Amino acid sequence: MTSNSAMDANSLAGVHNILAEIYGLEGTVKKLPGEHDLNFHVRTSDERNFLLKLHAPGNDAELDMQVSVLEHLAAHAPQLPVSKAVPDRYGATLTDVTYLGPRKARLLTWLDGNVWAKAERRGEPAAQSLGYLLAELDRSLATFEHQGTKRIYNWDIARAVRHLENLHYIEDETKRQAVGEILQQFADDLLPRLQDCSRQVIHNDANDYNVLLDENGQVSGLLDFGDMVESCRVVEIAVAAAYALIGASDPVGVAATIAGAYHLKNQITEQEADLIFGLVKTRYAVSMCMAAKQIRENPENQYLLVSQEDVWREMQRLNAENARLANMRIRSACGFAPVPHAKRVIRWLEMNAHAFSPVIRPELATPKTIVFDFTHTATYAAQLAGFSGAEFDAFCEDQIREAGADYGIGIYGEDRTVYKSDAFEMGSPEVRRSVHLGIDIFAPDFEPVHAPMAGTVAFYHDDAVYNGFGPTVLLEHEASEGDKFWTLYGHLSRRGCENLKIGQKIEKGEAFAEFGPREENGEWPPHLHFQIVTDHLGLEARMHGVGVRQQWPVWREISPDPSVILGLPVSASAIVAQDKTALVQERSLRIGRSLSIAYSDAPLKIVGGDGCYLVDESGKRWLDMVNNVCHVGHCHPRVVEAAKTQMGQLNTNSRYLHDTLVEYSHRLTDLFPDPLNVCFFVNSGSEANDLAIRLARTYTGNRDLLTVDHAYHGHLSSLIEVSPYKFAGKGGEGRPSHVRVVQMPDLYRGQWRYGDEDAGRNYAEDVRRKIEDLKKEGKSPALFFSEGILGTGGQLVLPKGYLQHAYEHVREAGGLCLADEVQVGFGRVGSHMWAFETQGVVPDIVTLGKPIGNGHPMAAVITSEKVAAAFANGMEYFNTFGGNPVSASIGLAVLDVIRDERLKHHCQVTGERMMAGARALAEKHTVIGDVRGHGLFIGIELVRDRETLEPAADELDEIIRKMKTRHGILLSSEGPHHNVLKIKPPAQFSFEDCDYFLASLDEVLSN
Ligand SMILES: Cc1ncc(COP(=O)(O)O)c(C=O)c1O
């Protein structure tokens, strides 16, 4: 290697010559580090950057491999952030030059970024992006073949066994032994399992000096393909993890993140996932052997010594990790069950819940309990923190006595503040165990403990340290299919355990131990810690009783909720608050993935709502401008109260007489013009529209349906069929034959535009034409679907007279007309209670949803007596939940609030202010093409050009993102071209909110 100091101006002059003569480039040149080759950063006067490599002679095969792989990647995965070859003046990518002897020159495109080792933002997103990059890289390398990769290479950790013979180079005995153990474990355990793993060419060296990160902490480049080899694919992940985790507070977490991200883009098998942790350690062992050998051969190489310090430190840290737990975490990150048999055990326990006997006081038929709160939000948290031991004991006793309870309960899944000692750290202070894995039962010392089911004494340990478990017993049990699990009993008395023998059988109900006194139980108030264990991590009776919150998906499988065995009269488990990454992952495993996540790049975890604001887990408030469902404001106290009160009185189906339901139907129909006086209650807007189709078909005897282009009317099969937004979009099956689609009356970019007085009539002509088409086939329409303002169409206000003319055509043909008010009803349009009223029409059927229950799932169909009468044809209409007393009470409360807070009027004046403000912005920002709406149902359409109306969809996405990140405002897009900013906040949206939005939009559009 040539050191920097040895590189004088003359030698750089040689580099300049090469650049000028061979590549026709001029600029500045900076020497870069490199182990074998000479590397230079070239910056030309026109600010282009290149990497010039001058390869030492002697390894042509490897060099050819490096040249070929970049060609392969440029052709197959041009999006990857890897260098591209820049040909010389004659088109060659490899050129013979003379520079400190004969060399091959290669010019490559420059990759921006900081090497991982020196980058500041090496957090989870960095590890994740590294996983994605390697996955994509390996997908393209899977088809790459080159003789140079088919080598027996000492840096291939799949061949780590070769290094057993190099062990002797490691002089330090401790290190030699540690490395030897890892290599032996590789030979005995990993190697046989590697044989079945998929093989391909891999990069094999995504180390912390070969990976670049940008300023956002995302991987921006991968360098150096000189270590490529055909090996086991999983080695790629292990090598990257080995370096990425250096210095991380949670090294296994980094490895798990990389593996999980890799798996998402390039699936690995469970077997591969199970090998990663062991292979990371193997990489360290190989590295130490290689370095020891090289240092022996080349003693002055200080560079190697320095890098080995990291390796030795990280190897020790990983050795201190529980390998079983590490594997579980990696499995979990990849979406594999962390403890494969845990689910079977949990199911078996649930199936047999009736058969377990009480753990204490079997004579109590229905024990009375009091639940303690050991979180930081407990009313007595400060008191607890200051208690002496005796005070803590007295506190528990007093609470139990005062509540008249038989015993106290400490709950499962509780994130506790009481675990303060270092023993609760997992490797570093940032990774602490704090979530309770069992249920505590607080009762006096020497209280007998009974076995809930038959078992054998498997493990015993006296954890006689301050705040430890004290005497602890694990009973072993067997679920179906031979799956073993254990019940753990902590904080016992010594004398009660004295006679227990390992292997001793314990009968169901047998009193086999007793609660320990404070002096013996780890210095806690007397209580039993009862826990289920599906895998004791090799810790036996030293098993943890508290887990890491951030690792909850794993810990909940290791120790599931023991409520299933205890059968307590109270809820004794908490929902553990998980971090967003864990939630996204769990969600993707357990909830159908066709459900999208808002702001998927940086999703929000929302834990509260208040008026027009949503509150995230950190307490940050977000202005919600999307949610017309929580029409009268998130968590409106009057609505919440109505729900709570009625839920506490009665909730049943609507076949019984109930004042609230009748009152509600009265109040609701009072808001409609005659003859719309009859209600049907359902649970969602989709159900309402589906029922409307049935009503119309029964009444008219016709089957066919008319719908407006781009509309959405619901997710049921019958409604996907009348929703061009769905059936004509991705995954859609096209228009069904019984549905006719009429032209969308778009005054901004449609056939007839603003200013055309006849636009409404003209657009309605298409309704007539579609009916004519039907007639030619001997058919007539049953129902014409339209909203009063078109939502998915792009917040489009209908042209004057459109519905009037359209309804005339439909009715003339014997069809009925439906106004879908699911989005726009309940005073949102400001001037009227219903959007159809702005068109001066009275529909035959109106469907209501979203705002009707302020978030409670309810909906309704309103129609005339004659349509309802036709439907009463003998077939009963029954809906289990529709119109239940809780929904009716909520519906009434919503109507009360709309009335009492004058929300209809408020929508009108705030909407006018908003539209005036947006139109003023349009004078300044040409990207605003159109501002339209009624009340607080508004669309702002963005265009790149006001003449061509080219939609500015990408720009809108960017604006929505910036409004969120810079101003905390939540918005969404709409319209066939995805270029309409949709505005429909809760109706309480204030003038201040409106002005804040306008100022924020101005700022975002200006910058
Ligand atoms: C206009 C319209 N109709 C019907 C529906 C369906 O309502 P739900 O999602 O409650 O089934 C929606 C839902 O977005 C809608 O926007």
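The values are calculated or read from the model by the stated rules, or taken from the named source; none is laboratory data. Since the model is a prediction, treat every value here as computed from it, not as a measurement. Neighbour counts run over all protein chains shown; Cβ positions are idealised from the backbone, glycine included. Side chains are part of the model used for accessible areas, which takes the heavy atoms of the whole protein and leaves out ligands, DNA and RNA. Shrake-Rupley method; radii C 1.70, N 1.55, O 1.52, S 1.80 Å.
Selection among A572, A872, V229 by position relative to the dipole of the chain gives A872 as farthest towards the positive end (Cβ unit charges, Cα centre).
Qualifying GluC sites (Glu not before Pro) in the range 755-818, where qualification requires a DSSP coil assignment and no more than 15 other C-beta atoms within 10 Å, comprise E757, E777. Among the GluC sites (Glu not before Pro) within the range 347-451, those in coil by DSSP and having at most 15 neighbouring Cβ atoms inside 10 Å are E363.
Among rounded, prolate and oblate, which fits the range 867-999 when a ≥ b ≥ c are the square roots of the eigenvalues of its C-alpha gyration tensor, a/c under 1.5 means rounded, and a/b larger than b/c means prolate?
Judged from the Cα gyration tensor, the range 867-999 comes out prolate (a/c at least 1.5, a/b above b/c).
Taken about its Cα centre, the chain carries a charge dipole of about 1740 debye when Lys and Arg each add +1 at the Cβ and Asp and Glu each add -1 at the Cβ. Electrostatic tally near S493: other residues with Cβ closer than 12 Å to its Cβ, Lys and Arg +1, Asp and Glu -1, net -4. In this structure, N49 and T417 have a Cβ-Cβ separation that, at R0 = 45 Å, corresponds to a calculated FRET efficiency of about 0.30. Just round it to a whole percent: the fraction of Cα-Cα distances in the range 431-535 exceeding 18 Å. Everything past 18 Å amounts to 44 percent.
Average accessible surface for the range 469-517: 42 Å² per residue, computed with a 1.4 Å probe over protein heavy atoms with every protein chain in place.
The accessible surface of the chain, taken with every protein chain in place and a 1.4 Å probe, is 50 percent carbon and sulfur. Cα centroid separation, the range 135-177 to the range 466-505: 44 Å.
Based on the inverse mean of 1/r over its pairs of different Cα atoms, what is the Kirkwood hydrodynamic radius of the range 797-871, in Å? Spell out each step's value before the answer.
On the way: mean 1/r = 0.0752 Å⁻¹.
When all Cα pairs of the range 797-871 are included, the Kirkwood radius is 13.3 Å.
Oblate is the label for the range 44-88. Its Cα gyration tensor axes, ordered a ≥ b ≥ c, give a/c of at least 1.5 and b/c at or above a/b.
Among the GluC sites (Glu not before Pro) in the range 40-82, those located in a DSSP loop and surrounded by at most 11 other Cβ atoms within 10 Å of their own Cβ are E47. Taking all protein chains into account, the per residue accessible area for the range 190-343 stands at 34 Å² (1.4 Å probe). Using θ = phi - 60° in the Karplus curve 6.51 cos²θ - 1.76 cosθ + 1.60, the 3J(HN,Hα) couplings for the range 142-150 round to 4, 9, 8, 10, 7, 4, x, 7, 8 Hz; x is entered for Gly and Pro. Dividing the convex hull volume of the alpha carbon atoms of the range 567-614 by its residue count gives 143 Å³ per residue.
Between the range 669-727 and the range 562-577, what is the C-alpha centre distance in whole Å? Computed from Cα coordinates, the inter-centre distance equals 44 Å. Overall, the anisotropy analysis places the range 833-872 in the oblate class: the square-rooted eigenvalues a ≥ b ≥ c of its C-alpha gyration tensor yield a/c not less than 1.5, with a/b not exceeding b/c. Here are some pairs, K904/K982; K175/K420; K150/K281; K420/K501; which of them have Cα atoms lying more than 28 Å apart in this structure? Correct reply: K175/K420; K420/K501.
Over 32 Å apart at the Cα level, from the set K265/K726; K343/K580; K368/K850, are K368/K850. Considering all C-alpha pairs of the range 909-955, those separated by over 18 Å amount to 29%. Legend: translational diffusion of the range 546-641 by Stokes-Einstein, Rh = Kirkwood radius over C-alpha pairs, 4 °C, 1.567 mPa s; D = 80 µm²/s. Note that the range 384-462 presents 40 Å² accessible area per residue, ligands and nucleic acids not counted, probe 1.4 Å.
Which values of log₁₀ I(q)/I(0), to two decimal places, follow from the Debye formula for the chain at q = 0.05, 0.06, 0.07 Å⁻¹ with a uniform point scatterer at every Cα? Log10 of I(q)/I(0), two decimals: -0.46, -0.65, -0.86.
Computed over the chain, the per-residue total of -39500 (n - 2.57) for DSSP H runs of n ≥ 4 gives a 222 nm mean residue ellipticity of -11000 deg cm²/dmol, rounded to 500. Across the range 769-897, the fraction of Cα-Cα pairs farther apart than 20 Å, rounded to a whole number, is 54%. Note on the range 621-771: Cα convex hull, mean projected area over all directions, 14.2 nm².
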